[in-house]
1. Go ahead and collect, in residue order, the members of segment 114-143 whose backbone nitrogen is under 15 Å from a label point 7 Å along the Cα-Cβ direction of SER20.
2. Put a dot 7 Å past each Cα toward the Cβ at GLN42 and LEU88; how far apart are the dots in nm?
3. How much length is gained on full extension from THR133 to GLU103, taking 0.36 nm per residue of separation minus their Cα-Cα distance?
4. Any idea how far apart ASN110 and THR30 come out in nm if each label point goes 7 Å out from Cα toward Cβ?
5. Could you give each residue of segment 54-59 its phi-based ³J(HN,Hα) in whole Hz, using Karplus coefficients 6.51, -1.76, 1.60 with θ = phi - 60°, and x for Gly or Pro?
6. Which one of TYR112, GLY97, PRO50 is farthest out on the positive end of the charge dipole of segment 24-124, using unit charges on Cβ (Lys, Arg +1; Asp, Glu -1) and the Cα centre as origin?
7. List the lysines whose Cα sits under 27 Å from the Cα of LYS49, skipping any in the same chain fewer than 8 residues away.
8. Using a 10 Å cut-off around each Cβ, can you sort GLU132, GLU67, GLU35 from fewest to most neighbouring Cβ atoms?
Amino acid sequence: MVELSAMDYKPRPIDGDFLSRPNDYPVTGTHEGHEVRAEGTQRNDSEGKPYPTKFGIHGTYVAVDWESCIADGQCSDVCPVNVFGWFLRGDGQGGSGNDVKIEQGSEQWNTYRTDKIDPIREADCIFCMACETVCPTVAIKITPK
Ligand code: F3S
Ligand code: F3S
Ligand code: ZN
């Protein structure tokens, strides 16, 4: 868990229309079996300042905006089917408090700022919407199939 006040940017909510705006959010690759959109594209935070990272949006039906995600972890606490795992932790586990802690000013800080939650089991989602509701930065957009 990372305190929002400790961040040097102000996350903005994920763009809920990202799937219908392929010019702004083109598919730029895949990761752990899900699509990634707009990786490498400079985007701005809620104050209009450039985000320090360019990771894009991971997942399609369970989509996490990695610029918005600050490793709160409650999304994975509430998911009944264990869709999420921490990216930097790397062993498929999620859960608040289980993210990799990053020291401010370190090389990892410069690259990632925080661990990121990844929808590594996106296909298991039953669209209960709990993750979308609980995220404090509104980094998740669920689009039921
Ligand atoms: Fe889990 Fe969110 Fe789907 S809580 S079941 S990933 S809607
Ligand atoms: Fe990230 Fe929000 Fe989950 S900040 S870890 S997507 S609750
Ligand atoms: Zn991913």
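Coordinate-derived values only; no laboratory data. This one's a predicted model, so the numbers in the text were calculated from it and none came from an experiment. As a convention, Cβ positions derive from the backbone with ideal geometry for all residues, glycine included, and neighbour counts pool all protein chains shown.
1. Under cut-off, by backbone N: 142-143.
2. 2.4 nm
3. Working: separation 30, 0.36 × 30 = 10.80 nm, distance 2.87 nm.
My answer for the length gained is 7.9 nm.
4. 3.3 nm
5. Along segment 54-59, the couplings run 9, 7, x, 10, 9, x Hz.
6. Comparing the listed Cα positions along the dipole, PRO50 ranks first.
7. Within the straight-line cut-off, LYS49 pairs with LYS10, LYS101, LYS116, LYS141.
8. Least crowded to most crowded, the residues run GLU35, GLU132, GLU67.
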